[in-house]
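The values are calculated or read from the model by the stated rules, or taken from the named source; none is laboratory data. Not measured: the values here are computed from a predicted model. Note that we place each Cβ from the backbone using ideal geometry, even for glycine, and neighbour counts take in every protein chain shown.
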Ligand code: FES
């Protein structure tokens, strides 16, 4: 999993079973950097307070309170280059 961009436009790109997925990398709880959290299978954990996010959908799958979805983006692979459709 890698992060790219800055500020509110920062995204993360993750490889899940050979397919690439992208989502906004700023946790909407209090702005934690999702691209710096631990990644397992298809989920990333926010390093600040532990919310868990499905990188294939941008949905929060676990937290102590409901959090809105983060935008998820389509990733297109052309050769060695990844393009994220935003
Ligand atoms: S900032 Fe991500 S869970 Fe609080």
- Looking only at the range 12-35, which residues are in contact with a strand residue (DSSP E or B) (Cβ under 6 Å, 6 or more places away or on another chain) and either away from the ligand (no atom under 16 Å from the Cβ) or assigned to a loop (DSSP other than H, G, I, E, B) (or both)? 13, 14, 20, 21, 22, 25
- Message: I'm trying to understand the selection: among the residues of the range 1-11, which are assigned to a loop (DSSP other than H, G, I, E, B) and surrounded by fewer than 17 Cβ atoms within 10 Å (Cβ to Cβ)?
- Response: 5, 6, 10
- residue 42 passes all but one of (1) more than 16 Å from the ligand (Cβ to nearest atom); (2) surrounded by 12 or more Cβ atoms within 10 Å (Cβ to Cβ); (3) in contact (Cβ under 8 Å) with a residue 40 or more places away in the chain; which number fails? (3)
- Output the residues belonging to the range 60-86 that are outside any loop (DSSP other than H, G, I, E, B) and either under 12 Å from residue 11 (Cβ atoms) or more than 14 Å from the ligand (Cβ to nearest atom) (or both). 72, 73, 74, 75, 76, 77, 78, 81, 82, 83, 84, 85
- Item | Subset of the range 45-80 [more than 14 Å from the chain's Cα centre (by Cα), modelled with pLDDT of 95 or more and loosely packed, with under 12 Cβ neighbours inside 10 Å] | 64, 65, 66, 76, 77, 78, 79
- Enumerate the pairs (first residue in the range 54-68 and under 18 Å from residue 1 (Cβ atoms) and without any contact (Cβ under 8 Å) to a residue 24 or more places away in the chain; second residue anywhere and assigned to a loop (DSSP other than H, G, I, E, B) and near the ligand (Cβ under 10 Å from one of its atoms)) with beta-carbon separation below 6 Å, excluding pairs fewer than 6 apart on the same chain, so at least 6 apart or on different chains. 60/51; 60/67
